[in-house]
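Okay, structure first, notes after.
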Amino acid sequence: MKITAALVREAAAPFRLEEIDLAELKPLEVLVRIVAVGICHSDIAARDQSLPIAFPAVLGHEGAGIVEQVGSSVTKLRPGDKVVLTVASCGNCVNCSRGDIAYCENGIALNYGGRRADGSPTLCCNGEAVSGHFFGQSSFATYAIANERNAVKVHANADLTLAAPLGCGVQTGAGTVLRALAAKSGRSIAIFGGGSVGLSALMGAVVAKCDPIIVVEPVAERRALALEIGATHAIDPSAGSLSDQIRRIKERGVDYIVDTTASVAVIESALASLATHGAMAFVGVPKDQEAALKLPLLNFLIMGATLKAVVEGDTDPDTFIPELLAHVEAGRMPLGKLVQTYAFADINRAVDDQLRGRVVKPVLIL
Ligand SMILES: [Zn+2]
Ligand SMILES: [Zn+2]
């Protein structure tokens with residue numbers, strides 16, 4: 001069928017809306033009419049090729065919409081169901097069988113390979129192959145093909161504008177606190193970076209009843225937003241040593257740290273803010289693929305510290321995304337304060353606004 005999609009034809013070039021062809025469904029796939037799609041850091045990283053992907057390509061991996069058709073073997077979904085699309089996983093490898101789907105051993109091919117697991121393309125344009133299947137969806141488009149595994153059903157009245165970012169950015173931030181760190185009530189936490197993932201980690205820390213909740217962010221407006229949505233403290237990293245500023249609030253250091261900056265200097269200095277037996281999670285994609293940390297082994301051992309890399313929040317999306325949606329709907333996670341909507345045709349303005357820090361979470365409406 002013909003769809004309208006935002007194509008990238010060369011690195012860092014603007015997206016261009018074009019009419020292209022979407023393949024027929026395979027037995028375990030679903031056709032989703034995209035209603036809303038968030039823009040996430042990995043979309044921009046892929047556009048700019050710091051996350052390499054073959055061009056031309058259709059990106060987009062926070063799609064939400066309505067199931068229009070299901071493949072012959074689909075049992076989980078029916079036409080008319082509202083769904084949030086999330087990361088793709090194979091369902092057959094050791095990690096998938098253990099429920100650790102973000103660490104699917106076929107995840108790289110499935111999410112970044114541009115094609116289905118069997119090698120067939122989902123998209124083409126005038127006979128030319130187009131990389132699709134980005135995070136198993138390529139949802140910067142009017143329609144997307146997903147596997148039933150990475151389409152999560154939400155209830156019939158769900159607001160898809162707010163549901164869309166749950167599929168990646170919010171799941172990553174909130175899941176890191178609620179699942180990967182399993183943060184306990186009354187424990188202290190510092191979150192490095194006040195972008196969409198950091199502020200989602202903050203919303204997770206509010207749900208977990210952490211205290212204090214410290215957000216470290218250089219942009220004043222984002223520090224103000226962090227305080228508005230539940231941070232007890234917001235620190236400007238340029239106002240002095242981070243560990244001094246954090247230990248002024250919590251003398252023994254904090255029990256948990258979530259780093260979203262993927263900066264070696266920030267992560268190394270963050271470790272100096274960790275309390276004995278504390279745990280730090282890092283979730284960001286480093287700009288430099290060779291970036292490496294220097295760890296003070298003896299000190300780390302004596303502290304009994306944990307350093308954990310986390311993908312997509314270590315969650316089971318089928319249960320976690322509806323749980324997040326319930327928090328949003330009950331007002332426990334004020335996600336609406338992070339979201340700004342744009343028409344699909346304004347995708348380049350939305351990306352630009354995000355890069356300039358004018359918006360935390362742009363969501364395109366189709
Ligand atoms: Zn797998
Ligand atoms: Zn993402």
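Is at least one residue of the range 280-294 buried (at least 21 other Cβ atoms within 10 Å of the Cβ) and free of Cβ contacts under 8 Å to residues at least 60 places away in the same chain? Yes; the residues of the range 280-294 include at least one that is buried (at least 21 other Cβ atoms within 10 Å of the Cβ) and free of Cβ contacts under 8 Å to residues at least 60 places away in the same chain. Taken together, 349, 332 contain a single residue that is in a loop (DSSP other than H, G, I, E, B) and not hydrophobic (A, V, I, L, M, F, W, C), which is 332. Looking at the structure I just gave you, is residue 40 within 16 Å of ligand 2 (Cβ to nearest atom), within 20 Å of residue 312 (Cα to Cα) and open to solvent by less than 60 Å² (accessible area, probe 1.4 Å)? Here the answer is yes, as residue 40 does meet what is asked.
Somewhere in the range 132-151, is a residue assigned to a loop (DSSP other than H, G, I, E, B), surrounded by fewer than 24 Cβ atoms within 10 Å (Cβ to Cβ) and more than 14 Å from ligand 2 (Cβ to nearest atom)? Scanning the range 132-151, I find at least one residue that is assigned to a loop (DSSP other than H, G, I, E, B), surrounded by fewer than 24 Cβ atoms within 10 Å (Cβ to Cβ) and more than 14 Å from ligand 2 (Cβ to nearest atom), so the answer is yes. Determine, yes or no, whether residue 132 is in contact with a helix residue (DSSP H, G or I) (Cβ under 8 Å, 6 or more places away or on another chain), of a type in the set (Gly, Ala, Ser) and either modelled with pLDDT of 95 or more or more than 16 Å from residue 28 (Cα to Cα) (or both). No, not satisfied.
Of all the listed residues (48, 81), the sole one being of a type outside the set (Ser, Thr, Tyr) and more than 26 Å from residue 356 (Cβ to Cβ) is 81.
Within the range 69-99, the set of residues being among the hydrophobic types (A, V, I, L, M, F, W, C) and touching a residue at least 24 places away in the same chain (Cβ under 8 Å) comprises 70, 74, 77, 83, 84, 85, 87, 88, 90.
Among the candidates 45, 102, 57, the residue that is in contact (Cβ under 8 Å) with a residue 12 or more places away in the chain, out of contact with any helix residue (DSSP H, G or I) (no Cβ under 9 Å at 6 or more places or on another chain) and within 16 Å of ligand 2 (Cβ to nearest atom) is uniquely 45. The selection criterion, being more than 15 Å from ligand 2 (Cβ to nearest atom) and surrounded by 19 or more Cβ atoms within 10 Å (Cβ to Cβ), does not hold for residue 94. The number of residues in the range 344-358 that are among the hydrophobic types (A, V, I, L, M, F, W, C) and closer than 26 Å to residue 150 by Cβ comes to 4.
Among the criteria (1) open to solvent by 70 Å² or more (accessible area, probe 1.4 Å); (2) assigned to a loop (DSSP other than H, G, I, E, B), the one residue 359 does not fulfil is (1).
Answer yes or no: is there a residue in the range 111-128 that is within 15 Å of ligand 2 (Cβ to nearest atom) and surrounded by 15 or more Cβ atoms within 10 Å (Cβ to Cβ). Within the range 111-128, one or more residues are within 15 Å of ligand 2 (Cβ to nearest atom) and surrounded by 15 or more Cβ atoms within 10 Å (Cβ to Cβ).
The values are calculated or read from the model by the stated rules, or taken from the named source; none is laboratory data. What you see is a predicted model, and the numbers here were worked out from it, not measured in a lab. Don't worry about glycine lacking a Cβ; one is built from the backbone with ideal geometry, like all the others, and counts go over all protein chains shown. For the accessible areas, the whole protein counts, side chains as well, though only heavy atoms, and no ligand, DNA or RNA atoms are used. Shrake-Rupley method; radii C 1.70, N 1.55, O 1.52, S 1.80 Å.
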